[in-house]
Amino acid sequence: MDLFENEQKIDNEEVQQLIQSAIQARENAYAPYSGFCVGAALRTDNGMTFTGCNVENASYGATICAERVAISKAVSAGYTQFTSIAIVGGARDEEPSAYASPCGICRQVLAEFATDNCKVYVAKSIRDYKIFSFWELYPEGFKK
Ligand code: THU
């Protein structure tokens with residue numbers, strides 16, 4: 001195996017671990033109103049992982065998405081540079097049947113902390129996922 005193949009393999013393992021963390025976080029989704037459970041896991045530039053799930057509310061607009069929970073946990077712990085995020089979503093008690101792409105508000109919030117080559121893994125499982133560059137998903141976003 002040459003170096004490049006080896007690097008690819010290590011890379012894939014990291015991606016799979018991040019997706020697995022998102023799948024695990026999804027277990028705690030609080031989604032009694034939509035029944036749509038989402039998990040997210042992000043990686044910081046120094047290799048830390050933070051996870052989140054969606055937390056719904058009887059006042060529906062007070063709901064917070066899984067991605068923003070993970071982002072808030074990371075920022076409140078002092079980490080503000082994110083190199084990747086994995087997202088898994090779907091109906092409760094079912095394997096995700098579609099790729100759950102981050103909503104517009106989450107893209108705007110992520111734009112604040114995403115590194116130049118931040119990756120977004122939108123996953124159905126650890127072996128079935130799509131990879132995007134964050135800035136490809138959110139070009140020309142608002143920044144101050
Ligand atoms: N949701 C997320 O957690 N992330 C997204 O990017 C889109 C939507 C949640 C919010 C709500 O609890 C449920 O999915 C249905 O919209």
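The values are calculated or read from the model by the stated rules, or taken from the named source; none is laboratory data. No experiment lies behind these values; they were computed from the predicted model shown. Neighbour counts are summed over all protein chains in view; Cβ atoms, including those assigned to glycine, are modelled from backbone coordinates with ideal geometry. In case anyone asks, the SASA skips ligands and DNA or RNA and just uses the protein heavy atoms, side chains included. Shrake-Rupley method; radii C 1.70, N 1.55, O 1.52, S 1.80 Å.
Under 7 Å between Cβ atoms, at least 6 apart or on separate chains: pull out the pairs that start in the range 102-131 with a residue that is within 11 Å of the ligand (Cβ to nearest atom) and end on any residue that is open to solvent by 50 Å² or more (accessible area, probe 1.4 Å) and modelled with pLDDT of 95 or more.
Between residues of the range 102-131 that are within 11 Å of the ligand (Cβ to nearest atom) and residues that are open to solvent by 50 Å² or more (accessible area, probe 1.4 Å) and modelled with pLDDT of 95 or more, the close pairs are VAL122/TYR99; VAL122/SER101; VAL122/TYR129; VAL122/LYS130.
Residues ASN28, ASN46: which one is open to solvent by 70 Å² or more (accessible area, probe 1.4 Å), under 24 Å from ASP11 (Cα atoms), more than 9 Å from the ligand (Cβ to nearest atom) and of a type in the set (S, T, N, Q)? Walk me through it before giving the result.
On the way: ASN28 fails: under 24 Å from ASP11 (Cα atoms).
Matching residue, one of ASN28, ASN46: ASN46.
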